[in-house]
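Take a look at the structure set out below.
The values are calculated or read from the model by the stated rules, or taken from the named source; none is laboratory data. Values in this document were obtained by computation on a predicted structure and should not be read as measured data. Please note: Cβ atoms are built from the backbone with ideal geometry, for glycine as well, and neighbour counts cover all protein chains shown. Each accessible area value is taken on the protein alone, full model and side chains, heavy atoms only, with ligands, DNA and RNA left out. Shrake-Rupley method; radii C 1.70, N 1.55, O 1.52, S 1.80 Å.
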Amino acid sequence: MKSITVEKLVRKFSMKVLAGENQLSKTITQSRVHRPGLEFVGHFDFFPEERIQVLGRKEVNYLHKLSKEERKIRIGNVVKYHPPCFIVTAGEEGLTYLTHHCIEEGIPLLVTNKVETTSEFITKLDAYLVKELAPEMALHGVCVNVSGIGILLRGSSGVGKSETAHTLIRRGHRLVADDIVVLKKLSPQTLLGTHDEKTKEFLALRSIGLLNVVRLYGRRAFQDETRIALDIKLIKWQKDALNNELEKEPQFIEYMGVQIPSIEIQLQPGRDVAGLIEVAANNWFLRQEGYSAAEEFMNRIEAFSKASME
């Protein structure tokens, strides 16, 4: 199971540590946070103790209104479960009693620095945790963003994936990853493509060497991550293959249980492969909008036939 440390969370969101400075190595394994409202009034039937506990204005105001003895009981009932950490949103003061409990139990107590609502902070934190803790895999290929559409390019070594990506970059599209593509499963329907940090912004071209696309073409040439919408495999030209169908049957490939539309593009000297990838991306978009060129063509033929018979 993937995990991140509380310390990494502190650095990411620039939070202040009120307690548990020596416990920041604690790990977080759950991609959703929890606001302990019901738990402060004694309901623990479904308490997700393994999640980060976030206290906003409602929770803190409730605790402030309790008597000293009652507050001690309420907080004590929650901290005894030892969640990975408590986070209090910015602007909340008078937390001496909570700090005391966290010090006693060895639980990090963090406070956000930015002035934002609790719901805004939770939205950002949840999104970050989903990406960081998502199941992932690495594969050999190239990932590009073509007109806002994430595409995974696959094929045997030396087939021309990186060269094709370079042509796409020259046409105004963006590189995401070359050679090693990291795929992250954000949901049963969502696959995110990114790099492995080491190869970030780099593109390797045979006979040329290693290129930094940002230095060569500017920031517009690179994108840190993209949702994978289409899988394209580059293969050698097959002389006797029939590829003149009006509309090919949809094919899919599966990564970590996520189905991605997949097509093959045959390579031949002089063929505009980058152009075909642009067409594939735009055609995928039109299909999402419910349009099919083949269907429109057949409707025209049918209408023409009916008109001829009248």
Seminar exercise, completed: Computed from the beta carbon distance with a Förster radius of 30 Å, FRET efficiency for Asp224 and Gln251 to the nearest 0.05 stands at 0.55
Seminar exercise, completed: Here, Tyr291 and Lys239, labelled 7 Å along Cα→Cβ, have an inter-label distance in nm of 3.9 nm
For this session: Two decimals is fine: what's Rg over Rh for the stretch 60-159, C-alpha atoms, Kirkwood radius as Rh?
Result: 1.25
Exercise. Where the accessible area of the chain is counted over protein heavy atoms with a 1.4 Å probe, how much of it, in %, is carbon and sulfur?
Worked result: 51 percent
Seminar exercise, completed: Long-range alpha-carbon pairs in the stretch 117-253, meaning those over 25 Å apart, account in percent for 34 percent
Problem set entry | Size descriptor, Kirkwood hydrodynamic radius, that averages inverse alpha-carbon separations across the chain, Å | 23.3 Å
Exercise. Among Arg51, Arg300, Arg219, which one moves the most in a GNM of the chain with springs linking Cα atoms closer than 10 Å?
Worked result: Arg300
Seminar exercise, completed: In the chain the DSSP beta bridges are antiparallel at a rate, in percent to nearest 5, of 65 percent
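If you count only protein heavy atoms with a 1.4 Å probe, what accessible area per residue comes out for the chain, rounded to a whole Å²?
On the way: 17490 Å² over 310 residues.
Spelled out: the 1.4 Å probe surface of the chain, per residue, equals 56 Å².
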Seminar exercise, completed: Expressed in angstrom, Rg and Dmax over the Cα atoms of the stretch 1-104 are 13.3, 41
Exercise. Given the rule -39500 (n - 2.57) for each run of at least 4 DSSP H residues, summed and divided by the residues of the chain, what is its mean residue ellipticity at 222 nm, to the nearest 500 deg cm²/dmol?
Worked result: -10000 deg cm²/dmol
Exercise. Rounded to the nearest whole Å³, what is the per residue volume of the convex hull around the Cα atoms of the stretch 154-193?
Worked result: 82 Å³
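Given a cut-off of 16 Å, what percent of all Cα-Cα pairs of the stretch 1-52 lie beyond it?
On the way: 678 of 1326 pairs.
Distances greater than 16 Å cover 51 percent of the Cα pairs.
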Problem set entry | Restricting the stretch 129-218 to trypsin sites (Lys or Arg not before Pro) in coil, as DSSP defines it, with at most 10 other Cβ within 10 Å | Lys198, Arg206
Problem set entry | Inter-probe distance in nm under a simple model that places probes 7 Å from Cα toward Cβ, at Ala303 and Thr96 | 8.0 nm
For this session: Could you sort 109-122, 253-266 so that the peptide with the highest average Cβ count within 10 Å comes first and the rest follow in order?
Result: 109-122, 253-266
